[in-house]
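Have a look at the structure below before the remarks.
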Amino acid sequence: MGDCTHASAIHDVEPSSLDGCPECIAMGDRWVHLRICLSCGHVGCCDSSRNRHARRHFEITAHPIIASFQPGEDWRYCYADDVLLEPGPVPAHRA
């Protein structure tokens, strides 16, 4: 694991959606896995998804750190530093 210089961007956030990737839903499209922005709570689809909405959110907002929003996963990733981070608390997943 490398160094991340963006830990201050991590906040206690509420997920923007519990139903999936809002952008994909609006487009009538599908996603593979979900990611949550730890700066604002935006939920978006992963890089393996066609639309890559989580990465697009980073490119638009510069919010650097995401976490997996998949049940049972607790990893984090910093787009800005291109580094996988130590596991940490992630906002509640859908029931």
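The values are calculated or read from the model by the stated rules, or taken from the named source; none is laboratory data. Remember, it's a predicted structure, so these values are computed and weren't measured experimentally. Here the Cβ positions follow ideal geometry from the backbone for every residue, glycine too, while neighbour counts run over all protein chains shown.
Count of segment 17-63 residues, restricted to those that are at pLDDT 95 or above, more than 15 Å from Tyr77 (Cα to Cα) and of a type in the set (Asp, Glu), is 2.
Being out of contact with any Asp or Glu (no Cβ under 9 Å at 6 or more places or on another chain), closer than 24 Å to Asp3 by Cα and at pLDDT 95 or above is a property that does not hold for Asp74.
Could you tell me which residue of segment 1-39 is farthest from the chain's Cα centre (by Cα), considering only residues that are farther than 20 Å from Glu86 by Cβ and touching a residue at least 60 places away in the same chain (Cβ under 8 Å)? It comes out as Asp19. Every listed requirement among (1) modelled with pLDDT under 95; (2) surrounded by 20 or more Cβ atoms within 10 Å (Cβ to Cβ) is met by Thr5 save one, (2). Of all the criteria given as (1) under 13 Å from Ala80 (Cβ atoms); (2) surrounded by 17 or more Cβ atoms within 10 Å (Cβ to Cβ), the one not satisfied by Ala62 is (2). Leu85 meets the conditions (1) surrounded by fewer than 21 Cβ atoms within 10 Å (Cβ to Cβ); (2) modelled with pLDDT under 95; (3) not acidic (Asp, Glu) in every case but one. The failed one is (1).
Looking only at residues in segment 40-52 that are outside any strand (DSSP E or B) and under 9 Å from the mean Cα position of the chain (by Cα), which one is nearest to Asp81 (Cα to Cα)? Looking at the filtered set, the residue picked out is Cys46.
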